[in-house]
1. Please find, within the stretch 96-112, the residue that is nearest to ligand 1 (Cβ to nearest atom) out of those that are under 16 Å from L380 (Cα atoms) and surrounded by fewer than 22 Cβ atoms within 10 Å (Cβ to Cβ).
2. Do we have any residue at all in the stretch 7-19 that's at pLDDT 85 or above, of a type in the set (D, E, K, R) and not in a helix (DSSP H, G or I)?
3. Regarding the stretch 145-168, can at least one residue be identified that is in the same structural domain as K325 (by TED's automatic domain parsing), without any contact (Cβ under 8 Å) to a residue 12 or more places away in the chain and either within 19 Å of the chain's Cα centre (by Cα) or in a helix (DSSP H, G or I) (or both)?
4. Give the stretch 66-118 a look and list any residue that's out of contact with any Lys or Arg (no Cβ under 8 Å at 6 or more places or on another chain), β-branched (V, I, T) and not in a helix (DSSP H, G or I), or say none.
5. Return the residue satisfying two criteria in turn: it lies in the stretch 128-167 and is buried (at least 21 other Cβ atoms within 10 Å of the Cβ) and touching a His at 6+ places or on another chain (Cβ under 7 Å), and of such residues it is farthest from L310 (Cα to Cα).
6. Among the numbered criteria (1) crowded, with 23+ Cβ neighbours inside 10 Å; (2) among the small types (G, A, S); (3) within 16 Å of L380 (Cβ to Cβ), which one does G90 miss?
7. K317 - would you say it is loosely packed, with under 15 Cβ neighbours inside 10 Å and within 18 Å of A124 (Cα to Cα)?
Amino acid sequence: MLPNTNAGHFRGLHSEYHVAIYERHQPEKTILYQTVARAWPKISLEYAVEGETIPRHVEAEFDRYQRCGILDYGFVRLYCKACDAERLVGFSCKGRSFCPSCGARRRDQTAERLVGDVWPVANARQWVLSFPHQVRYWLSRDTALFTDVMSAVTGVIANFYENYTLSCEERAKVYAPSAGAVSFVQLFGSSLVLNPHLHMIFLDGVYGRGSDGLRFYPHPSFTTEGMFDVLYAIHDRLSAVFRRRGYVRDDGEAGEPEHTEDISMPFRPRAPKAYRRKGRLLDHPNYQHSDPDQMSMEGWCNIRYKWLSLHAGVAIKGEDRDGLKRLFRYAARSSVAVSQLSYVTPEDPDRSDVELKLKRSWRDGTESLVFSQRAFVEKLACLVPPPWFNLTRYYGVFASAHVWREFIVPMGRRKKRLCPAHDEPPGGTPPPPTKPSTGRAPAEYWIPWPELLRRTIGVDPEICVCGAKMIVDDAITEPEKITETLARLGIESTGPPKAMRSTGELDYIYDC
Ligand SMILES: [Zn+2]
Ligand SMILES: [Zn+2]
């Protein structure tokens, strides 16, 4: 006889079916959740008392995160007809900033979809651009400026590929060489400081239509020196964008744009730089101070000019699908991983500071950063992206309106049988390539929750501990039913039962 209680608390491999059994990961037990639950109400109250406003989208992100995956706010009940077992799955907050569960879902979904349905068997190169401090601040408060900056930068890199991939001989024969990219905005740096920067995954070459049809032409010889002109051009294009938007005056001095009413302000922290460094700190860190006005080489495919930094050292072959997936997961990741956090004094979690382990040590020897709980949560608040700001963008041949897209992306090729290069009816004319500058994402292809978990961590949340497939029985959102079900299954409640605020939030929690 199998147990029919403690839904979601089974662990390990089922001996007969070799399917990992789903286990609810209990977000309320994580240091991140507990720290936010302690510090955010205080921060929110203090700001209210002092008459300072917290931007609405930041309030909303914290409010939703504190309900993400918490069973007291309702759940979906899975039921096994074979053995009567029940399993509860909480709802997710769909947060775009620091929620580790929703961030992991977004990251995994994006990587799976890009590698499976969007990226053809063509080489990829990651270009990372970071900005001077003043520009970071402008970008964090003005999404329209950010969009302009992204189009300018992707345009320059696309020009590089379109002009320098083909040999003179090929250029005469290949029609309309076209670049393509998927760009990701990351708002955070390793110390959780607000550092908006771009991760752009470009085709390392171009698509063009020659006598042998539409195909990929790889870039023949990528060098660090070859990037110099790209960075000069990025600098010139960005200067023009800042002038046009009123951030830089004609005399070159920083200005203030006139249209400030419709710009959503980021959260303003009270304690801007509130961490202590930990690790084997060097007495005299060996920083190289190069002249910012000169182009300087910091390493392989890593250059700096006028406080702009451009890195393009990561290249992946088109056949290496796992490598591509890792690259997309890295570019689409969220700011904090639960595994990076610990309490400095675990015996007193209420008053303990929080330690953030760096993924890679800094050059001065810093291995981890220590924050007060309040300062840590303030850092998170600064990183909430403005509403409606698109964090992933498609450019060139990947843009939804590009006429070659369906012939290039694997999903399009599966759907279409007619290719303009190979299967065109005689006498047809090739479609002219179009290139929308905003690079808006094509309609999202949502991978259902159970399938995504199966693909990424090999757990099938719909398989019961007895091996049978469970059915989704009910979505429970009323407080009385919540209390009754939790009590019946012996699951600990985190407080008085609460109703969901809106049923629009009904999506499953993603266990990562
Ligand atoms: Zn069962
Ligand atoms: Zn969430």
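1. G103
2. For the stretch 7-19, residues at pLDDT 85 or above, of a type in the set (D, E, K, R) and not in a helix (DSSP H, G or I): absent.
3. Within the stretch 145-168, one or more residues are in the same structural domain as K325 (by TED's automatic domain parsing), without any contact (Cβ under 8 Å) to a residue 12 or more places away in the chain and either within 19 Å of the chain's Cα centre (by Cα) or in a helix (DSSP H, G or I) (or both).
4. Result: I70, V76.
5. Out of the qualifying residues, it is T165.
6. (3)
7. Judged against the criteria, K317 is a match.
Conditions tested, residue by residue: (1) in contact (Cβ under 8 Å) with a residue 40 or more places away in the chain; (2) more than 18 Å from the chain's Cα centre (by Cα).
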site: S339; (1), (2): no, no
site: P346; (1), (2): no, yes
site: K359; (1), (2): yes, no
site: F371; (1), (2): yes, yes
site: E378; (1), (2): yes, yes
site: A381; (1), (2): yes, no
site: P386; (1), (2): yes, no
site: T392; (1), (2): yes, no
site: H402; (1), (2): yes, yes
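The values are calculated or read from the model by the stated rules, or taken from the named source; none is laboratory data. Keep in mind it's a predicted model, so treat the numbers as computed, not measured. Counting neighbours? That spans all protein chains shown, and the Cβs are built from the backbone with ideal geometry, glycine included.
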